[in-house]
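What follows is a single structure, written as structure tokens, with notes after it.
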Amino acid sequence: MVGVAVRSLGDSEHEVTLPQYRTLVVLAYSGAHRLADLAATLAVSPSTATRMCDRLVRKGLITRNRDTVDRREVNLEVTEDGRRLVHGVMDRRRREVRAILRSIPQDARVQLATSLEVLARAAGEIPDLHWSPGWHDGKVADGNTDGDVKTPSAS
């Protein structure tokens, strides 16, 4: 799946690393974060998060904004360009996952999709279907050949 993610990022107009992309996904999904909270969510040191965010700010993919309640705090937020990048990568990833699923015998797809969902959740992937890897929303188990699989939790 790392190869799928790397290929999906490779087609982007912005050059971002996988850790930078994960940062964008967290901010796009969860909203603004303080740097320390973002570092904790990403399981990296605050200095690593700072360097990563500096690069994303320079690329115009996130912004730093003063907190309206506590002016000492700075919140990191994804920009529209950052949000578009996340959506584009997710779309490319979904297409590739669907193509992979089409190559798997139909009777094995539902079981595989359920297992992948369990693995993704255990790995801390964002569970919202809007950000899903693309195996939740289809009808392959019902005989449709579009490559999607409906899993029990997506019913």
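A few remarks follow.
- For the range 65-77, the condition holds for no residue, the condition being that it is among the polar types (S, T, N, Q), under 23 Å from Glu125 (Cβ atoms) and more than 19 Å from the chain's Cα centre (by Cα).
- Qualifying residue in the range 64-78 (condition: out of contact with any Asp or Glu (no Cβ under 6 Å at 6 or more places or on another chain), within 23 Å of Arg7 (Cα to Cα) and either part of a strand (DSSP E or B) or not assigned by TED's automatic domain parsing to the domain that holds Gly10 (or both)): yes
- Residue tally, condition over 20 Å from Pro46 (Cα atoms) and among the hydroxyl-bearing types (Ser, Thr, Tyr), over the range 62-81: 2
The values are calculated or read from the model by the stated rules, or taken from the named source; none is laboratory data. Predicted model, so just to flag it, every value in this text is computed and none were measured. Don't worry about glycine lacking a Cβ; one is built from the backbone with ideal geometry, like all the others, and counts go over all protein chains shown.
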